[in-house]
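Peer 1: Below are the structure tokens for one structure; questions will follow.
The values are calculated or read from the model by the stated rules, or taken from the named source; none is laboratory data. The structure presented is a predicted model; accordingly, all values stated were derived computationally and were not measured. Here the Cβ positions follow ideal geometry from the backbone for every residue, glycine too, while neighbour counts run over all protein chains shown. Just the protein is used for accessible areas: all its heavy atoms, side chains included, with ligands, DNA and RNA removed. Shrake-Rupley method; radii C 1.70, N 1.55, O 1.52, S 1.80 Å.
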Amino acid sequence: MSAKILVVDDDPAIVNLLVRTLKRDHYTPITASNGLEALEMVEREAPDLILLDVTMPMLDGFAVCQRLKDNEATALIPVTMLTGLDDREHRQRGLEVGADDFLTKPFDHSLLRARISSQLRVKRLTDQLERTEHVIFMLALAVEAKDSYTESHLRRLSSYSEQLAVAAHIPAEQLKAIRFGGLLHDIGKISVDDAILRKPGKLTNEEYEQIKKHPEYGARIIQPMRFAADVGPIIRHHHERWDGSGYPSGMAGEAIPIGARIVAIVDAYDAMMTDRPYRKALGLPETLRRLREGQGREWDPQLLDLFLALVEEGQLMEPKEVGVLLMDT
């Protein structure tokens, strides 16, 4: 199926020129003559690339680009802005609102074709990454499904982690990585024997060593993801301890990534509050007692204070359904 390219320009001559060129190269052109119409077309048609004029009525190209890049559903659609010759001010502003490329009017046809081909190649790679990421999220849910005792554990951890991060005033741009870290923290258990994961009694030393490998396995599994650099350290280090006695690296204190410290607290809370193969749920009073007992030894004392306040004041909210959570990623 040919790539779908949205041409947005209020000059019919420019639109006709671009449409003819695109059809000649076997692309599927769709058109809009102003910014509002462009946004409607993007929502309806989901183009693979947008050729966007700067100066238009109703909503100019900068405003359109800004809205597209601010929306997670459309942020990865490449936007090539159409500018006048040597229009440095427009180019600078275009970069500020997230434009991916620029084409100068009047068009050089060979350059036009090359730039379109380049942007579509990037879009294909992005689409492949999105598909890979979806598979990884489904793998995480498959790990959870292997153990009936941990039903909905991942969506609770994702939600609780984000709530604690907000309470700790973590910058908004880091919240998504922390949410994903909660959802994917145990994905490495896909590499651990089911019999070990479901064992009702105490693990042998050899079995425990197998369990201890899951954070590193998980960090490797998510390497193809675009946000692996932000999420990987959360997964790798969510079993580190504040006093340095955790695994896999023996990190201590603030050297442990803050996302991993957050996930460690909510993971412990949720584990104690639910039935496990080796014991029944502990109940809230005992769970809170054990968390306080580990304060400053297992868990970040300041983050734990914030989390305990959320729980004790009834502010810890139950998460959304899994399907919604995945759609929100």
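Peer 1: If you check residue 240 against the conditions, is it buried (at least 16 other Cβ atoms within 10 Å of the Cβ), of a type in the set (Asp, Glu) and farther than 30 Å from residue 127 by Cα?
Peer 2: yes
Peer 1: Name the pairs whose Cβ atoms lie under 8 Å apart, with the first residue in region 43-61 and in contact (Cβ under 8 Å) with a residue 60 or more places away in the chain, the second of a type in the set (Val, Ile, Thr) and open to solvent by 10 Å² or more (accessible area, probe 1.4 Å), and 6 or more positions between them or separate chains?
Peer 2: Final answer for the pair search is 48/77; 49/77.
Results for (1) closer than 14 Å to residue 99 by Cβ; (2) in contact with a helix residue (DSSP H, G or I) (Cβ under 9 Å, 6 or more places away or on another chain); (3) basic (Lys, Arg), shown as yes or no for each residue.
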residue: 14; (1), (2), (3): no, no, no
residue: 21; (1), (2), (3): no, yes, no
residue: 29; (1), (2), (3): no, yes, no
residue: 49; (1), (2), (3): yes, yes, no
residue: 57; (1), (2), (3): no, yes, no
residue: 65; (1), (2), (3): yes, yes, no
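Peer 1: Taking residue 7, is it assigned to a strand (DSSP E or B), of a type outside the set (Asp, Glu), at pLDDT 90 or above and in contact with a Pro (Cβ under 7 Å, 6 or more places away or on another chain)?
Peer 2: So residue 7 passes the test.
Peer 1: Would you say residue 103 is open to solvent by less than 20 Å² (accessible area, probe 1.4 Å) and either under 27 Å from residue 226 (Cα atoms) or out of contact with any Phe, Trp or Tyr (no Cβ under 8 Å at 6 or more places or on another chain) (or both)?
Peer 2: Yes, satisfied.
Peer 1: Do we find a residue being over 21 Å from residue 138 (Cβ atoms), surrounded by 15 or more Cβ atoms within 10 Å (Cβ to Cβ) and either free of Cβ contacts under 8 Å to residues at least 12 places away in the same chain or among the hydroxyl-bearing types (Ser, Thr, Tyr) (or both) anywhere in region 216-234?
Peer 2: no
Peer 1: Can you find, within region 32-76, the residue that is modelled with the highest pLDDT among those that are surrounded by 15 or more Cβ atoms within 10 Å (Cβ to Cβ) and basic (Lys, Arg)?
Peer 2: 67
Peer 1: Please name all residue pairs, on different chains or six or more residues apart, with Cβ atoms under 6 Å, provided the first residue is in region 7-25 and is farther than 16 Å from residue 54 by Cβ and the second residue is of a type outside the set (Ser, Thr, Tyr) and surrounded by 16 or more Cβ atoms within 10 Å (Cβ to Cβ).
Peer 2: Every condition considered, the pairs that remain are 19/29; 22/5; 22/29.
Peer 1: So residue 25 ticks every box in (1) within 23 Å of residue 121 (Cα to Cα); (2) touching an Asp or Glu at 6+ places or on another chain (Cβ under 6 Å) but one. Which box is left unticked?
Peer 2: (2)
Peer 1: Then there is this: With the requirement that a residue be open to solvent by 40 Å² or more (accessible area, probe 1.4 Å), in a loop (DSSP other than H, G, I, E, B) and without any contact (Cβ under 8 Å) to a residue 60 or more places away in the chain, what does region 254-280 give you?
Peer 2: Answer for region 254-280, where residues must be open to solvent by 40 Å² or more (accessible area, probe 1.4 Å), in a loop (DSSP other than H, G, I, E, B) and without any contact (Cβ under 8 Å) to a residue 60 or more places away in the chain: just 280.
Peer 1: Just the residues that are farther than 17 Å from residue 180 by Cβ and among the acidic types (Asp, Glu), please, taken from region 206-250.
Peer 2: 206, 207, 209, 216, 240, 243
Let's see how each residue does on (1) of a type outside the set (A, V, I, L, M); (2) at pLDDT below 90; (3) out of contact with any strand residue (DSSP E or B) (no Cβ under 7 Å at 6 or more places or on another chain); (4) assigned to a helix (DSSP H, G or I):
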residue	(1), (2), (3), (4)
140	no, yes, yes, yes
143	no, yes, yes, yes
149	yes, yes, no, yes
170	no, no, yes, no
188	yes, yes, yes, yes
200	yes, yes, yes, no
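Peer 1: Would you check if residue 84 is out of contact with any Ser or Thr (no Cβ under 6 Å at 6 or more places or on another chain), on the phi < 0 side of the Ramachandran plot and crowded, with 21+ Cβ neighbours inside 10 Å?
Peer 2: no
Peer 1: Take region 282-300 and flag every residue that is assigned to a helix (DSSP H, G or I) and open to solvent by less than 40 Å² (accessible area, probe 1.4 Å).
Peer 2: Selection gives 287, 288, 291.
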